Amino acid sequence: MPRVRRPVLLALAALIGGALGAGAHPLDALTADEINAAVALLRAEARVDAATRFSLIDLDEPDKAATLACRPGQRLARRAFVVARRERADYEGVVDLAARRVERWERIPDVQSSILIEEWDLAQAVVKADAAWQAAMAKRGYAGSALAALFCAPLSAGPVVDPTEAGRRLLRVVCFDPAGNPVNLWGRPIEGVTATVDLDARTVIRVTDTGVLPVAGAEPPPAQPASKPAARAKPAARDLAVRDGEIRGAGWAFRFRMDRRVGPIVSLVRRRIGGRERMVLYRGSIAEMFVPYMDPDPNWSFRSYLDVGEYGFGLLSSSLRPGIDCPADAMFFDAVLPDDRGRPVIGRALVCLFARATGAPLWRHAEVSTGAYQGRSAVELVLRTIPSVGNYDYIVDWVFTEAGELRIDVGATGIDEVKAVASRTMADPTAAADTAHGPLVAPNLVAVNHDHFLSLRLDVDIDGAANTLMRQRLSPQRDPRNGGGRGVWTVVEAPVAAEGPLATGDHGAADVWRIVNPTLTNPLGQHPGYELRLGHAATSLLAPDDLLQRRAGFTGAPLWVTAYDPRELYAAGPYPNQSSADAGLPVYAARQRPVESADLVLWCTLGFHHLPRPEDWPRLPTVWHSVALVPYGFSVGGGPANGKSGAP
Ligand SMILES: [Cu+2]
């Protein structure tokens with residue numbers, strides 16, 4: 001987690017309040033003025049002081065029904081949700097900005113709020129000043145200026161089960177010799193030494209030293225040179241337009257705001273069909289990310305990052321470069337986010353938006369019999385952010401297609417997390433043991449096997465809140481005709497009645513999930529709906545009682561459904577930093593609330609096992625994975641008339 005972005009502090013909040021046009025819509029992000037006001041009101045009531053640090057100051061979303069009923073020009077009361085840390089205790093609360101009062105403020109016991117940026121620097125300084133750690137480094141030939149030049153990464157502590165660590169605010173620190181390379185700080189690990197830091201006490205409580213291993217050689221120069229960012233071109237016109245914070249194009253209309261914890265939150269996602277706008281998704285966002293490493297070595301066994309709740313995808317979103325990160329003609333958006341001290345900070349070009357020609361037909365047919373041809377090229381809208389979470393960069397795309405598909409594409413790139421080993425090649429006698437948990441990617445370097453599980457919280461509202469999730473199971477049947485010599489599969493459909501994790505059936509991917517509005521019918525007499533395609537839905541292979549798995553139970557299923565609850569936003573719970581017990585989805589879903597013809601929320605686990613390749617080193621070529629919502633009976637014949645075309 002190095003290289004802290006030092007964005008521009010907003011001395012003149014008014015400067016951007018208008019520039020971003022924010023605050024006009026109930027779901028717009030807090031403006032700089034509103035962030036300042038929230039902190040000032042907490043200060044006035046002595047709930048916080050100058051030493052208090054803030055891990056979240058975000059819009060406390062207004063009531064869903066009130067938001068949907070809100071007409072242009074109308075204002076709803078604005079509230080800020082705040083998480084703060086003061087005198088070694090964590091607090092959360094809500095500030096009513098219109099009434100100028102603190103509505104709720106309470107201590108949250110037995111949790112650790114997310115890691116603050118200033119704690120990264122603190123942990124590094126504390127470790128470098130520690131005598132036991134210095135002695136461990138001296139054994140490895142690092143002292144004086146060589147020691148000072150090391151990069152020490154503040155890793156989230158993982159599950160805290162050791163009684164001597166209970167209740168302490170921790171980071172675990174491992175160090176690297178960057179050898180002057182400012183882009184890859186991770187390529188030369190000083191293996192075998194982990195320092196555990198108590199951030200409140202500002203001290204190292206333990207140095208684990210499992211023995212000296214060689215430090216890898218210098219990184220080879222890239223096979224292809226890095227490209228230079230292009231000048232920004234004029235934004236492609238097409239039908240893409242942004243007005244008053246609303247984005248329109250490719251038959252879609254939606255809004256978004258940036259959030260320090262989860263990154264972009266898209267909302268009020270509607271499809272324009274037959275001159276009407278119809279709701280598809282009320283709110284969508286990332287709800288957590290879990291990355292457990294598959295190495296039991298004491299320097300690795302704790303590595304089980306919950307990147308969203310421990311660090312923050314919005315906080316770590318990086319400035320996007322035109323011509324590389326996004327097309328040169330994309331629109332780029334700045335965003336205002338609070339820093340650790342609760343001051344509004346402007347992040348430049350954290351989000352980009354563009355229309356993309358896919359280079360393939362949206363549909364086409366060439367008729368051999370008549371020589372006739374028809375086709376249409378495909379264009380889709382992409383809303384992109386790229387959080388850089390330590391060594392990894394995640395390209396997160398919300399993609400809106402002209403065919404009515406809403407896709408979430410996630411591209412993993414950056415730098416693999418590597419471990420130093422004795423082996424230089426697979427011919428070495430140590431190689432079998434050294435590569436038990438990952439392949440050799442360079443002499444003396446193993447890229448450790450791991451998983452990525454990204455939870456997406458999708459508050460789908462197909463033509464309104466009353467929705468039902470249908471499971472379509474493919475059932476093989478024998479048929480007596482044809483002499484009994486062949487069979488078919490048929491589709492057996494059943495509604496999901498109650499909350500819970502949803503396992504795939506005996507035929508794995510043969511289950512099809514469809515979310516419908518059972519109160520409406522299209523001209524064919526079907527319920528309008530969307531099919532959910534869980535393209536990449538690997539689940540965790542860890543046992544349910546595994547120390548790592550217990551903090552991320554959501555990864556046990558590719559799909560979960562819960563009843564709508566605006567307070568349930570995070571798949572591993574609101575406070576996953578240092579957690580060691582079930583929270584989030586397994587707890588929410590255990591209530592078994594009914595979800596048939598109800599306002600429900602889908603939680604997709606976009607998961608993949610990462611078995612690194614030698615070619616993933618030292619630069620990981622982007623690996624893409626997707627989840628998609630695809631219309632089913634939604635757009636046929638223009639859909640239900642006026643939103644009420646008769647009973648089912
Ligand atoms: Cu990976």
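Things to note:
- Note on the chain: Lys pairs 8 or more places apart or on different chains, Cα atoms under 30 Å apart, count 4.
- The Cα center of the range 549-595 and the Cα center of the range 314-361 differ in position by 29 Å.
- Quotient of Cα Rg and 2.2 N^0.38 Å for the range 520-648, N being how many residues it contains: 1.38
- For the chain, size of Cβ-based charge dipole, Lys and Arg +1, Asp and Glu -1, in debye: 1480
- Counted over the chain with a bin width of 10 Å, the fraction of Cα pairs per bin, in whole percents, is 3, 14, 25, 26, 19, 9, 3, 1, 0.
- Isolated cysteines of the chain, defined as having no other cysteine beta carbon under 4.7 Å away, are 70, 604.
- The range 218-276 and the range 607-631: distance between their alpha carbon centers, rounded to Å: 21
- For the range 227-359, the C-alpha radius of gyration sits at 1.29 times the compact-globule guess of 2.2 N^0.38 Å, with N the residue count.
- Projected-area mean, the range 370-483, by convex hull of Cα positions, square nanometres: 18.1
- Gyration tensor verdict on the range 13-107 (Cα atoms; rounded if a/c is under 1.5, prolate if a/b is larger than b/c, oblate otherwise): prolate
- Distance between the C-alpha centres of the range 71-114 and the range 417-494: 39 Å, rounded to the whole angstrom.
- Average Cα contact separation per residue, the chain, under 8 Å, 6 or more apart, as relative contact order %: 13
- Judged by the gyration tensor of its Cα atoms, with axes a ≥ b ≥ c, the range 126-256 is oblate; a/c meets the 1.5 cut and b/c is at least as large as a/b.
- Estimated FRET transfer efficiency (residue 75, residue 132; beta-carbon r; R0 41 Å; 0.05): 0.10
Rule-based calculations on the coordinates, nothing more; no lab input. All figures in this text were calculated on a predicted structure; none of them were measured in a lab. Please note: Cβ atoms are built from the backbone with ideal geometry, for glycine as well, and neighbour counts cover all protein chains shown.
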